[in-house]
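What follows is a single structure, written as structure tokens, with notes after it.
The values are calculated or read from the model by the stated rules, or taken from the named source; none is laboratory data. Computed from a prediction, not measured in an experiment: that's the story for all the values here. Backbone-built Cβ (ideal geometry, glycine too); neighbour counts: all protein chains shown.
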């Protein structure tokens with residue numbers, strides 16, 4: 001028994017020594033060598049962008065040998081949840097790659113650095129739509145990486161088949177009429193591939209429809225105005241397209257893109273990243289480029305085209321100890337002309353800065369890219385900066401689905417409005 | 001003196017407890033602390049944005065019970081789980097009985113069915129998501145090719161169809177477990193009793209209900225309980241296939257807790273949902289123990 005006790009104690013001591021030795025080695029490793037800057041992003045994780053990200057990292061570290069960029073893989077769908085957990089756990093990455101409407105929860109947690117000191121001189125170079133999203137009470141909480149203006153894509157052959165010009169209608173009346181006509185072509189045709197899956201993204205894609213019918217989410221004072229004639233009209237249209245098979249049901253982003261790329265859909269709402277996606281999913285490569293067109297959203301009852309954007313943004317966590325180096329990488333990736341051209345060539349990513357958009361690389365563009373640049377000024381990346389906006393979008397997604405399945409728009413609008421106001425504490 | 005009389009020194013008596021300390025520490029950290037913390041959290045207004053343990057009593061529970069979505073979620077969980085378990089039991093029992101007899105390629109068939117169970121859950125969910133796609137899915141293609149359906153069935157986009165799809169996927173996934181467990185239990189049924197009953201004139205149905213079922217009853221109850229617990233916890237399959245939609249028709253307690261916590265950022269509220277879930281399963285476990293113990297008492 002004494003021998004057993006002795007062996008047990010020796011085992012514990014051995015493990016303790018091993019752990020202490022490992023910790024010492026880690027500390028020694030951290031003391032010497034280049035400064036490490038970590039970045040959470042989904043782009044190094046995705047097959048379509050992994051090689052590009054590794055090349056950007058290589059070029060950056062060649063230019064700045066004293067900075068070592070370390071990617072932390074973060075799935076796109078999990079970006080908010082993983083970021084929240086890492087911030088709460090006290091170990092967020094130095095740079096966090098998000099989309100425009102994501103950072104507000106982090107702002108409420110006090111987790112984001114004000115980037116104004118580093119970007120004050122460049123504010124005029126950022127499109128209004130992108131800047132509006134990143135500014136909260138004079139603080140610059142996020143900087144845009146690439147434009148993600150959501151536009152309307154239209155399949156030319158379907159427009160031609162119903163006797164319409166091969167362009168996106170410039171008002172909602174004509175747009176809805178075109179959707180109806182294309183749906184009537186055959187059972188396999190849909191006029192519009194709405195995002196109809198139960199996801200907050202689907203709710204976000206519903207916002208241009210609300211705007212186009214004169215509706216809105218909140219007023220200038222931040223008061224929720226979901227129960228309005230405009231939004232009820234938008235829900236009524238969704239009821240029409242859902243119950244008369246003008247849109248496929250249960251479609252999330254990948255399925256709706258696939259359907260559009262296969263040519264059986266009239267219109268799709270999506271962003272400039274569709275350029276390489278269409279080439280890939282259609283199976284036609286660049287041959288698909290002339291087969292579709294794009295434009296900013298049709299004009300609403302007030303004569304304005306108003307859309308949304310899903311701009312990619314970068315934030316620096318407040319807990320980062322290497323903020324200067326983190327900003328150096330952000331500027332390299334988002335502002336270096338060679339890198340932004342490279343990013344565009346690989347992913348169709350339009351640089352966020354107006355001075356870069358004026359470069360020769362962007363002089364001959366597909367309709368899609370031109371529409372994204374044109375729509376950038378009037379697009380909104382954050383209809384609400386309330387940290388509960390993500391949860392509010394869940395209610396909107398449920399309401400939207402209820403409309404698609406034939407629910408009463410007035411009742412849905414009222415119930416959703418009440419649920420969101422309760423959530424917001426109004 | 002008493003210690004020496006027992007032949008055990010202090011060290012000898014302390015050693016077992018010392019050796020238990022690591023396991024107890026791990027168990028305490030991984031099991032007890034989260035459980036107690038979760039229950040305490042349910043009585044606070046803790047959120048990610050205001051991470052403070054502010055005591056609010058039973059307010060989370062009061063607002064939860066007033067929320068119609070919660071009741072719909074609870075009903076969904078019970079409906080989906082118990083429907084799936086009944087289907088798993090029926091199919092698992094049928095397969096076990098089949099594999100207990102001498103059929104050709106029994107080994108290969110057994111392996112093939114077992115393969116379903118060892119497939120990672122997310123892989124299975126993704127495969128079903130693709131198969132059930134209303135536009136591209138192979139299931140619609142087969143149904144129309146066989147003339148069973150005239151149009152595409154929207155498996156995941158309509159409430160009733162989405163529920164049925166989930167039950168089907170759960171049943172597909174859980175049947176192998178039932179099959180394996182029941183097959184093992186069937187091996188314990190004494191063949192002498194079965195042979196004797198045949199001589200006495202008992203038909204197959206009578207042998208099944210009077211002899212076989214009593215022998216495998218405890219295993220069936222255990223499998224059902226384990227399956228219920230597992231399905232109550234499922235987040236992966238619901239999230240991948242329907243994300244709780246359409247509307248809230250397939251939102252289960254597990255998904256609701258996740259969304260309250262990581263979308264709504266309401267940790268206290270999420271914990272209160274978790275506590276109700278815990279109570280429900282606790283009642284089920286008590287029911288199981290009484291059922292099994294009663295059976296043993298009878299034996």
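Which pairs turn up if I take residues in region B:253-265 that are more than 16 Å from residue A:389 (Cα to Cα) and look for partners that are part of a loop (DSSP other than H, G, I, E, B) with beta carbon separation below 7 Å, at least 6 apart in sequence or on another chain?
As it stands, the answer is B:254/B:233; B:254/B:234; B:254/B:235; B:255/B:235; B:255/B:244; B:258/B:235, since those pairs meet every condition given.
Identify all residues within region A:134-158 that are in a loop (DSSP other than H, G, I, E, B) and within 27 Å of residue A:179 (Cα to Cα); write none if there are none. Give the steps one after another, and end with the answer.
Of region A:134-158, the ones in a loop (DSSP other than H, G, I, E, B) are A:137-138, A:141-142, A:148, A:150.
Within region A:134-158, A:148, A:150 qualify.
For residue B:139, all conditions in the list (1) surrounded by 15 or more Cβ atoms within 10 Å (Cβ to Cβ); (2) free of Cβ contacts under 8 Å to residues at least 24 places away in the same chain; (3) not in a helix (DSSP H, G or I) hold save one; what is the number of the exception?
It is condition (3) that residue B:139 fails.
Condition first: buried (at least 24 other Cβ atoms within 10 Å of the Cβ) and either outside any loop (DSSP other than H, G, I, E, B) or in contact with a strand residue (DSSP E or B) (Cβ under 6 Å, 6 or more places away or on another chain) (or both). Can you find one or more residues in region A:180-188 that meet it?
Step one: filter region A:180-188 for residues buried (at least 24 other Cβ atoms within 10 Å of the Cβ), giving A:182.
Subset that is either outside any loop (DSSP other than H, G, I, E, B) or in contact with a strand residue (DSSP E or B) (Cβ under 6 Å, 6 or more places away or on another chain) (or both): A:182.
Within region A:180-188, one or more residues are buried (at least 24 other Cβ atoms within 10 Å of the Cβ) and either outside any loop (DSSP other than H, G, I, E, B) or in contact with a strand residue (DSSP E or B) (Cβ under 6 Å, 6 or more places away or on another chain) (or both).
Tell me, please, whether a residue that is in a helix (DSSP H, G or I), in contact (Cβ under 8 Å) with a residue 60 or more places away in the chain and either outside the structural domain of residue A:49 (by TED's automatic domain parsing) or surrounded by fewer than 19 Cβ atoms within 10 Å (Cβ to Cβ) (or both) can be found in region A:291-313.
We begin by selecting, within region A:291-313, every residue in a helix (DSSP H, G or I); these are A:291.
Filter again for in contact (Cβ under 8 Å) with a residue 60 or more places away in the chain, leaving A:291.
Next, from what is left, pick out any that are either outside the structural domain of residue A:49 (by TED's automatic domain parsing) or surrounded by fewer than 19 Cβ atoms within 10 Å (Cβ to Cβ) (or both): A:291.
Yes, because at least one residue in region A:291-313 is in a helix (DSSP H, G or I), in contact (Cβ under 8 Å) with a residue 60 or more places away in the chain and either outside the structural domain of residue A:49 (by TED's automatic domain parsing) or surrounded by fewer than 19 Cβ atoms within 10 Å (Cβ to Cβ) (or both).
Condition (residue is modelled with pLDDT of 90 or more, within 14 Å of another protein chain (Cβ to nearest Cβ) and assigned to a helix (DSSP H, G or I)) applied to region A:123-133: is it met by at least one residue?
no
Can you tell me how many residues within region B:161-180 are without any contact (Cβ under 8 Å) to a residue 24 or more places away in the chain and within 13 Å of chain A (Cβ to nearest Cβ)?
Residues meeting the conditions: 1.
Tally up the residues in region A:189-211 that are closer than 22 Å to residue A:390 by Cα and not in a loop (DSSP other than H, G, I, E, B), please. Can you show your working first?
Here is the first cut: in region A:189-211, the ones closer than 22 Å to residue A:390 by Cα are A:194-211.
Next, from what is left, pick out any that are not in a loop (DSSP other than H, G, I, E, B): A:200-204, A:207-211.
Summing the residues that are closer than 22 Å to residue A:390 by Cα and not in a loop (DSSP other than H, G, I, E, B) in region A:189-211 gives 10.
Answer yes or no: is there a residue in region B:181-191 that is buried (at least 22 other Cβ atoms within 10 Å of the Cβ), over 18 Å from residue B:248 (Cβ atoms) and in contact (Cβ under 8 Å) with a residue 24 or more places away in the chain. Show your work before the answer.
Narrowing region B:181-191 to residues buried (at least 22 other Cβ atoms within 10 Å of the Cβ): B:182.
Among the residues that remain, those that are also over 18 Å from residue B:248 (Cβ atoms) are: B:182.
Filter once more, keeping what is in contact (Cβ under 8 Å) with a residue 24 or more places away in the chain: B:182.
Yes, that holds for at least one residue.
Find the residue count for region A:348-358, including only residues that are assigned to a helix (DSSP H, G or I) and either buried (at least 19 other Cβ atoms within 10 Å of the Cβ) or free of Cβ contacts under 8 Å to residues at least 60 places away in the same chain (or both). Before the answer, list the steps.
The first filter runs over region A:348-358 and keeps only residues assigned to a helix (DSSP H, G or I), leaving A:354-357.
Next, from what is left, pick out any that are either buried (at least 19 other Cβ atoms within 10 Å of the Cβ) or free of Cβ contacts under 8 Å to residues at least 60 places away in the same chain (or both): A:356-357.
Counting residues in region A:348-358 that are assigned to a helix (DSSP H, G or I) and either buried (at least 19 other Cβ atoms within 10 Å of the Cβ) or free of Cβ contacts under 8 Å to residues at least 60 places away in the same chain (or both) gives 2.
Out of curiosity, is residue B:183 over 21 Å from the mean Cα position of the chain (by Cα), farther than 19 Å from residue B:236 by Cβ, assigned to a helix (DSSP H, G or I) and away from chain A (no Cβ under 14 Å)?
Details: over 21 Å from the mean Cα position of the chain (by Cα): no; farther than 19 Å from residue B:236 by Cβ: yes; assigned to a helix (DSSP H, G or I): yes; away from chain A (no Cβ under 14 Å): yes.
When the stated conditions are applied, residue B:183 does not pass them.
Could you list, in sequence order, the residues of region B:137-158 that are out of contact with any helix residue (DSSP H, G or I) (no Cβ under 9 Å at 6 or more places or on another chain) and at the interface with chain A (Cβ under 10 Å from one of its Cβ atoms)?
Once the filter is applied, which keeps residues that are out of contact with any helix residue (DSSP H, G or I) (no Cβ under 9 Å at 6 or more places or on another chain) and at the interface with chain A (Cβ under 10 Å from one of its Cβ atoms), region B:137-158 yields only B:158.
Scan region B:9-63 residue by residue and report those that are in a helix (DSSP H, G or I), at the interface with another protein chain (Cβ under 10 Å from one of its Cβ atoms) and under 19 Å from residue B:271 (Cβ atoms).
Once the filter is applied, which keeps residues that are in a helix (DSSP H, G or I), at the interface with another protein chain (Cβ under 10 Å from one of its Cβ atoms) and under 19 Å from residue B:271 (Cβ atoms), region B:9-63 yields only B:63.
Residues checked against (1) crowded, with 22+ Cβ neighbours inside 10 Å; (2) in contact (Cβ under 8 Å) with a residue 24 or more places away in the chain; (3) under 12 Å from residue A:396 (Cβ atoms):
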{"site": "A:201", "(1), (2), (3)": "no, yes, yes"}
{"site": "A:205", "(1), (2), (3)": "yes, yes, yes"}
{"site": "A:215", "(1), (2), (3)": "yes, no, yes"}
{"site": "A:220", "(1), (2), (3)": "no, no, no"}
{"site": "A:223", "(1), (2), (3)": "no, yes, no"}
{"site": "A:231", "(1), (2), (3)": "yes, yes, yes"}
{"site": "A:236", "(1), (2), (3)": "no, yes, no"}
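Report the residue count in region B:252-271 for those that are more than 9 Å from chain A (Cβ to nearest Cβ) and either in contact with a strand residue (DSSP E or B) (Cβ under 7 Å, 6 or more places away or on another chain) or not in a helix (DSSP H, G or I) (or both).
3
Looking only at region A:64-88, how many residues end up being in contact with a helix residue (DSSP H, G or I) (Cβ under 7 Å, 6 or more places away or on another chain) and either in contact (Cβ under 8 Å) with a residue 60 or more places away in the chain or assigned to a helix (DSSP H, G or I) (or both)?
Here is the first cut: in region A:64-88, the ones in contact with a helix residue (DSSP H, G or I) (Cβ under 7 Å, 6 or more places away or on another chain) are A:64, A:67-69, A:71, A:74, A:80-81, A:83-84, A:87.
Cutting the leftovers down to either in contact (Cβ under 8 Å) with a residue 60 or more places away in the chain or assigned to a helix (DSSP H, G or I) (or both) gives us A:64, A:67, A:69, A:80-81, A:83-84, A:87.
The number of residues fulfilling the criteria is 8.
So which residues in region A:165-179 are surrounded by 19 or more Cβ atoms within 10 Å (Cβ to Cβ) and outside any helix (DSSP H, G or I)?
Across region A:165-179, the qualifying residues are A:168, A:169.
When region A:367-391 is examined, which residues are found to be in contact (Cβ under 8 Å) with a residue 60 or more places away in the chain, assigned by TED's automatic domain parsing to the domain that holds residue A:276 and part of a helix (DSSP H, G or I)?
A:389, A:390, listed by residue number.
Provide a single number: the residues in region A:187-206 that are at the interface with chain B (Cβ under 10 Å from one of its Cβ atoms) and more than 28 Å from residue B:255 (Cβ to Cβ).
Number of matching residues: 3.
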